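Take a look at the structure below.
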C-alpha cells in the first residue's frame, strides 16, 4: 500500500541521516518565478506561519489528481456526460483536489487529457471506499432484479458504465462465505471486521440464496436461477452467458452457503489527465516548451495512462517519474 512505500522512504531518510525537512499541514499557495524560471514555493502552515521556500535546482510537483474536486471533475469530464457530481463518491482522500495542477497552470504549464477520468467499478455508495467488500472485485455482479448484466472480468471503464446503467446506479457483488477472502480473525482482505461490515448494512449474509435476496432486496427467484447458471458454467468451464472466459476458484458459488451480497456503485478513482511533461519529467508550457525549474511526477501529470489506467500502474508511474525528475534537476 501507499503507507508501505512512505514508511520505507522515511526510514531510509532516517538511516542515512539525509538533509530532508518535512512540512506537514502546510499548503503550497504559489510557485515563485524569477527570470522565467520556477525558483521556489510560497507556502503557509495550518497555524498561519508563512514560508518562502527557495529552490536552487528545481521544484517537483507530486500533488496527485483531482478525484475529490467535483467542480474540476465536471468541468473537464469527457467520458461520463459531466454527471460526476456530489452524489458520485470517490475512493480518493478529500485532499485530492487538483491544487498542484492549478499552480502549474498559473505558471504557464500545458495540460493534457484532462477529460479522462477513471471510475472504480465497485465502491461504497456513500463513501466510495473499497475496503468493506466481501469477495473479489470480479465475483459475479447482479442488479436488484437478481440478474447478471456484464462480463465481470472486463475493463474498468466497461464495468463502470454497465454498473451505472443499473437501477439507482447500484449493484451487488455475490460471493460465498468460503470464497469471501475472510481470514481466521474474521477480517476481510482489507483488514476490516466482517461483523462490522454486516452491522453497517453495507453487506448482507444468509445461509440460503433465497434468504440473502430477501435481506438485500433482490429478486430471489432470479438470483437463484442466476447462480445456478453460473455454477453450471464453473463446472463446464465454457459457455458463460456474459462471455467470461473462465470461472476462477475464488469465484465459485457451488459449495453452498453462507452467502454474501455487498451493495456497491462506481466511484471516481483516478484522473488520467494533468500537467504535460516530457521524458525527463520536465513540465512543458502550452507551446510544448520546457518551463525551467519545474518538474512533475505521478497523478498530477497527464499523458501516461490513456483513457483507462490499468490497476496498480499508478505506483510505478509516480516512483519512476519521481526518480527521473530528481536525477535530472540535480545534474
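Every number here is computed from the coordinates shown, using simple stated rules; none is lab data. Predicted model, so just to flag it, every value in this text is computed and none were measured. As a convention, Cβ positions derive from the backbone with ideal geometry for all residues, glycine included, and neighbour counts pool all protein chains shown.
Order these peptides, 212-225, 48-61, 89-102, by their mean beta-carbon neighbour count within 10 angstrom, highest first.
89-102, 212-225, 48-61
Against the chain, whose longest principal axis comes from its Cα atoms, helix 314-329 is set at around 10 degrees. For q values of 0.11 Å⁻¹, compute log₁₀ I(q)/I(0) with the Debye formula on a Cα-only model of the stretch 63-199, without solvent. Those come out to -0.49, one per q. Here the Kirkwood formula puts the hydrodynamic radius of the chain at 22.0 Å, using every distinct Cα pair. Note the angle between two axes, namely the Cα long axis of helix 220-236 and the longest principal axis of the Cα atoms of the chain, as a number of degrees from 0 to 90, rounded to the nearest 10. Compared with the principal axis, the helix lies near 80 degrees.
Comparing the stretch 97-141 with the 2.2 N^0.38 Å rule of thumb, its C-alpha radius of gyration ratio is 1.77 (two decimals).
On full extension, the segment bounded by residue 224 and residue 280 gains 14.6 nm, given 0.36 nm per residue less the C-alpha separation. Considered as an equivalent ellipsoid built on the Cα gyration tensor, the stretch 121-267 has semi-axes of 20, 18, 15 Å, the largest given first. Between the Cα long axis of helix 2-16 and the first principal axis of the chain there is an angle of about 40°, rounded to the nearest 10.
Counting neighbouring beta carbons within 10 Å and listing from fewest to most, the residues 148, 37 come out as 37, 148. Each residue, residue 6 and residue 34, gets one label point 7 Å from its Cα in the Cβ direction; the gap between the two is 3.2 nm.
Length gained on full extension, residue 105 to residue 313, computed as 0.36 nm times the residue gap minus the Cα-Cα distance: 72.4 nm. Would you compute the Debye intensity of the stretch 238-296 from its alpha-carbon atoms alone, equal scatterers and no solvent, and pass along log10 I(q)/I(0) at q = 0.14, 0.21, 0.28 Å⁻¹ to two decimals? Summing over Cα pairs of the stretch 238-296 leads to -0.66, -0.97, -1.12. Over all Cα atoms in the stretch 178-331, the spread is summed up by Rg and Dmax: 23.4, 68 Å. Computed on the chain, with alpha-carbon pairs under 8 angstrom and 6+ residues apart, the relative contact order is 23 percent. Comparing Cα centroids, the stretch 313-330 and the stretch 160-175 end up 36 angstrom apart. Neighbour counts of other Cβ atoms within 10 Å put 171, 321 in the fewest-to-most order 321, 171. How far is the Cα center of the stretch 1-76 from the Cα center of the stretch 214-281, in Å? Rounded to whole Å, the Cα centres lie 39 Å apart.
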